[in-house]
Amino acid sequence: MEILIVRHGDPDYVNDTLTEKGKVEAQLLAEKLSKMKIDACYMSPLGRARHTAQYTLDKIGQEAEVLDWLHEFKGRQVLEDGTKRRCWEQLPSVWADEEIYYTDEWYKTDLMQSVNAGEEYHKIIAEF
């Protein structure tokens, strides 16, 4: 069995869709994926993911099952100035400096615990 995970095209986060660039990316992706044997498709409920997938689905004549647990991880780190950022939006040095990120216990770091990444991770694994 092979599982192919595809991230959405360039997003328009405000409108939960794709930018013009994202639409072109999704069309190019559909061209590539249409040449593969695809038995089943699953997608996130988010608009940007659905819009990305739709180009491929139309090209291969299939429908996709929407799985709520495929949504983007909601964990946000609160910075000192009060702004928030996604926990994975870190400089490469953050990942390189802590060897635990290269183990099965990556979610036990202070950063990941601060956003309940372990809880989210285990929910996704259970659904997967």
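Laid out as a table, the results:
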item: Carbon plus sulfur fraction of accessible area for the chain, probe 1.4 Å, in percent; result: 52 percent
item: Distance violations [Cα-Cα > 26 Å] among 84/108; 32/108; 21/108; 23/59; 32/74; result: 32/108; 21/108; 32/74
item: Area of residue 34 that stays accessible when all protein chains are in place (1.4 Å probe, Å², to 10); result: 40 Å²
item: FRET E, pair residue 15, residue 71, Förster distance 25 Å, beta-carbon r, rounded to 0.05; result: 0.90
item: Ranked order, 5, 125, 100 - accessible area, probe 1.4 Å, largest first; result: 5, 125, 100
item: DSSP-assigned coil residues among GluC sites (Glu not before Pro) in the stretch 1-74, each with at most 15 further Cβ atoms within 10 Å; result: 2, 63, 72
item: Mean ellipticity per residue at 222 nm, deg cm²/dmol - from DSSP H runs of n ≥ 4 across the chain, formula -39500 (n - 2.57); result: -11500 deg cm²/dmol
item: Mean separation of Cα contacts under 8 Å (6+ apart) over length of the stretch 54-128, as relative contact order %; result: 26 percent
item: Accessible area per residue in Å² at 1.4 Å probe, computed on the chain; result: 73 Å²
item: Computed over the chain: relative contact order in percent, which uses C-alpha pairs under 8 Å that are six or more apart; result: 17 percent
item: Estimated inter-spin distance, residue 100 and residue 36, nm [label 7 Å along Cα→Cβ]; result: 3.4 nm
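The values are calculated or read from the model by the stated rules, or taken from the named source; none is laboratory data. These figures come from a predicted structure and were not determined experimentally. Virtual Cβ from ideal backbone geometry, glycine too; neighbours counted across all protein chains shown. These area figures cover heavy atoms from the full protein model, side chains too; ligands, DNA and RNA do not enter into them. Shrake-Rupley method; radii C 1.70, N 1.55, O 1.52, S 1.80 Å.
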